[in-house]
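Okay, so here's the structure we're looking at.
The values are calculated or read from the model by the stated rules, or taken from the named source; none is laboratory data. Computed from a predicted model, the values in this text were never measured in an experiment. Cβ placement follows ideal geometry from the backbone for every residue including glycine, while neighbour counts extend to all protein chains displayed.
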Amino acid sequence: MKKYILTLHFFVVLLNTSCAQTTDKTIATPEKTGITADLYLRYTGVPWSFVFLPDQSILIAERAGKLLHFKNGESKEIKNLPTIKTSGQGGLLDLILDPDYKNNGYLYFAYSSPEGTGNGSNTAIARAKLNNQELVEVKVLYKASPNSSTAHHFGSRLVIDGKRNLYFSVGDRGNRDKNPQDISRDGGKIYRITTNGGIPDDNPFVNSSKAKKAIYSYGHRNPQGLTFHPKTKELWSHEHGPRGGDEINIIQRGKNYGWPQITYGINYSGTKITDKTAQNGMEQPIHYWVPSIAPCDMLFVTGSIYPEWEGNLLVGSLAFQYLERLIFKNNKVVRREKLLDGIGRVRSLTQDSDGFIYIGVENKGIYKLVPAKN
């Protein structure tokens, strides 16, 4: 496979969208932003995540279970990955670099692992280094258990905070009646460990004999977006709802986010999951989508390249195949904009050290968002 730098453009158009939360007050009117999406790397596959290495080559975590290195117009498959069970939504999933990668060389990745008890697989988090197209010093930091034969809701998004704590998500693995509300079980949670795999001594359930001590929050369905707010440093997440009820939450230590006891969604069959959208002791989302957009990945825009977007949140839509820009005021959405309508299933987002935003689109490749020249 070769890398092609192309000039195929998608104009970024702001459109009225029917995917609005019922409490939205303002919807964007059609207009052009002057930003184009240039096809930076042609790639046929599912780029669940991708990172730029210091030499500007690219690592892509392919859901089919491959880690691909694109450099100097060629791609090579990285060897020595742990055993990955690829089925349905499972495979090689999120991938991030250590904030101090230039000095320590660590990268972290999530994948569906068949190791451990039970049939099927569950989400695992590992750390490794890259050496001559091969992973070395591979260490599994966390493995959710038991395995499940279901092939969906792995979660798997990763972020690292300023204290070198690693946060990651594990979906409910299709067992909504047991996993999300039970802190003695994996699944339907956001976790916090150290980058060495240890448990921080201020984790909320560290002193509970029955709890999974890595749990940071619970009551989640399938979180596939995690990011830190650039100013407040709060952890933000979004998760897939069922039919309706995708959510954006600000994640707080030890809090319960309600799934499935409260939800703004319904079953795919059209039947009710619950009559409740709120309950004491359970957190409310700061935003929700009805119908579901199937959100995947998210980032806050920073820097000077996109001055009109500074501080805004970008979210990829798998279901409706566009990029959504959300403008907040006091943690409430005041405006939504549909960008790159019809570009394809937006799976992954990153803002590189050069300040440009890149998006991974399934079966198409990686696009670079380029502002118009003054």
Checking Thr277 against (1) β-branched (Val, Ile, Thr); (2) under 30 Å from Arg164 (Cα atoms); (3) touching a Phe, Trp or Tyr at 6+ places or on another chain (Cβ under 9 Å), which single condition isn't satisfied?
(2)
Considering (1) surrounded by 22 or more Cβ atoms within 10 Å (Cβ to Cβ); (2) over 16 Å from Asn132 (Cα atoms); (3) aliphatic (A, V, I, L, M), say which one Ala64 fails and leave the rest.
(1)
Tally, over the range 180-193, of residues that are within 19 Å of the chain's Cα centre (by Cα) and closer than 27 Å to Val138 by Cα:
8
What is the one condition in (1) at positive phi; (2) buried (at least 17 other Cβ atoms within 10 Å of the Cβ) that Gly254 does not satisfy?
(2)
For the condition touching a residue at least 60 places away in the same chain (Cβ under 8 Å) and buried (at least 23 other Cβ atoms within 10 Å of the Cβ), what is the one hit in Leu226, Leu314?
Leu226
Scanning the range 122-158 for residues that are among the hydrophobic types (A, V, I, L, M, F, W, C) and over 22 Å from the mean Cα position of the chain (by Cα) gives Leu130, Leu135, Val136, Val138
So Tyr142 ticks every box in (1) modelled with pLDDT under 95; (2) surrounded by 19 or more Cβ atoms within 10 Å (Cβ to Cβ) but one. Which box is left unticked?
(1)
The condition of being buried (at least 20 other Cβ atoms within 10 Å of the Cβ), touching a Leu at 6+ places or on another chain (Cβ under 6 Å) and within 25 Å of Pro260 (Cα to Cα) holds, among Ser148, Ser112, Ser156, only for Ser156
Any residue at all in the range 270-280 that's in contact (Cβ under 8 Å) with a residue 24 or more places away in the chain, loosely packed, with under 12 Cβ neighbours inside 10 Å and either among the small types (Gly, Ala, Ser) or at negative phi (or both)?
yes
